[in-house]
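To keep things clear, I will list the structure first and then write my remarks on it.
The values are calculated or read from the model by the stated rules, or taken from the named source; none is laboratory data. Keep in mind that what you see is a predicted model, and the values were worked out from it rather than measured. For neighbour counting, all protein chains shown are included, and Cβ atoms are generated from backbone atoms with ideal geometry for every residue, glycine included. Areas reflect the complete protein model, heavy atoms only, side chains present, ligands, DNA and RNA absent. Shrake-Rupley method; radii C 1.70, N 1.55, O 1.52, S 1.80 Å.
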Amino acid sequence: MNWIKKIIRPLLLFGLPLVVIACTVSYKFNGSSINYDKVKTISIADFPIKSEYVYAPLATKFNEDLKDIFIRQTRLQLLKPNQNADLQIDGEITGYNQYNQAVSADGYSSETKLTITVNVRFVNNTNHAEDFEQQFSAFRTYDSSQLLTAVQDGLIAEMSKEITDQIFNATVANW
């Protein structure tokens, strides 16, 4: 029994530091899980509006937000769309629609739902198993007594951020 105590102490002294060194915890607060040894560049094409209803500032706002989220939250170098990047994102804004959401007692619309839909094609040239084409959308409701022109810029800013977050998570966050 005494010899066991003599052996256990040196084993713990040498074994415990090895266990502590071998166990590492890695946290990424931006949510991306990119292997920067393989993936160094990204190209993001401008998304044109191909919906029935067109609001020109929507494309500009969405394109800026999409590029901005990848620039701010990754170390990827942004290339022009015609260059061969490790990650490629392109697509189009396929829907910008408003619908009556709720009807009041007098038979008129009381709430209107504004929806943006975006079709995205993602190509990962380092791992084509991750390639996809998918639609992302977001919506907001507003009081029908307000004109769309009075509220659409604020609603577009919110929905654009939500959709770009969805695209970021689907492409590089691997949730």
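Of (1) of a type in the set (Lys, Arg); (2) exposed (fewer than 13 other Cβ atoms within 10 Å of the Cβ); (3) closer than 21 Å to Asp165 by Cα, Lys40 satisfies all except one. Which?
(2)
Scanning for something among the aliphatic types (A, V, I, L, M), out of contact with any Leu (no Cβ under 6 Å at 6 or more places or on another chain), within 15 Å of Asn169 (Cα to Cα) and surrounded by 12 or more Cβ atoms within 10 Å (Cβ to Cβ), does the stretch 93-108 turn up at least one residue?
No: the stretch 93-108 contains no residue that is among the aliphatic types (A, V, I, L, M), out of contact with any Leu (no Cβ under 6 Å at 6 or more places or on another chain), within 15 Å of Asn169 (Cα to Cα) and surrounded by 12 or more Cβ atoms within 10 Å (Cβ to Cβ).
Return only the number of the condition from (1) open to solvent by 100 Å² or more (accessible area, probe 1.4 Å); (2) closer than 17 Å to Phe168 by Cβ; (3) modelled with pLDDT of 95 or more that Lys67 does not satisfy.
(1)
Can you name the condition, by its number, that Phe62 falls short on among (1) buried (at least 18 other Cβ atoms within 10 Å of the Cβ); (2) closer than 17 Å to Lys40 by Cα?
For Phe62, the exception is condition (2).
Only one of (1) of a type in the set (Gly, Ala, Ser); (2) out of contact with any Phe, Trp or Tyr (no Cβ under 9 Å at 6 or more places or on another chain); (3) farther than 18 Å from Ile34 by Cα fails for Gly95. Which number is that?
Of (1) of a type in the set (Gly, Ala, Ser); (2) out of contact with any Phe, Trp or Tyr (no Cβ under 9 Å at 6 or more places or on another chain); (3) farther than 18 Å from Ile34 by Cα, only one is false for Gly95: (2).
Search the stretch 125-138 for residues being part of a strand (DSSP E or B) and touching a Phe, Trp or Tyr at 6+ places or on another chain (Cβ under 9 Å), and hand back the single one that is nearest to Asp153 (Cα to Cα).
Result: Gln134.
Search the stretch 149-175 for residues being free of Cβ contacts under 8 Å to residues at least 40 places away in the same chain and open to solvent by less than 70 Å² (accessible area, probe 1.4 Å), and hand back the single one that is farthest from Gly107 (Cα to Cα).
So, considering only residues that are free of Cβ contacts under 8 Å to residues at least 40 places away in the same chain and open to solvent by less than 70 Å² (accessible area, probe 1.4 Å), the one farthest from Gly107 (Cα to Cα) is Gln166.
Taking the residues in the stretch 109-148 that are open to solvent by less than 90 Å² (accessible area, probe 1.4 Å), of a type in the set (A, V, I, L, M, F, W, C) and farther than 26 Å from Leu76 by Cα as candidates, determine which candidate is nearest to the chain's Cα centre (by Cα).
Ala138
Can you tell me which condition Ala85 does not meet? The list is (1) among the aliphatic types (A, V, I, L, M); (2) part of a strand (DSSP E or B); (3) under 24 Å from Ala59 (Cα atoms), and all the others hold.
Only one criterion is unmet by Ala85, namely (2).
Identify the single condition in (1) modelled with pLDDT of 75 or more; (2) on the phi < 0 side of the Ramachandran plot; (3) open to solvent by less than 60 Å² (accessible area, probe 1.4 Å); (4) not in a loop (DSSP other than H, G, I, E, B) that Leu78 does not satisfy, given that it satisfies every other one.
Single failed check for Leu78: (3).
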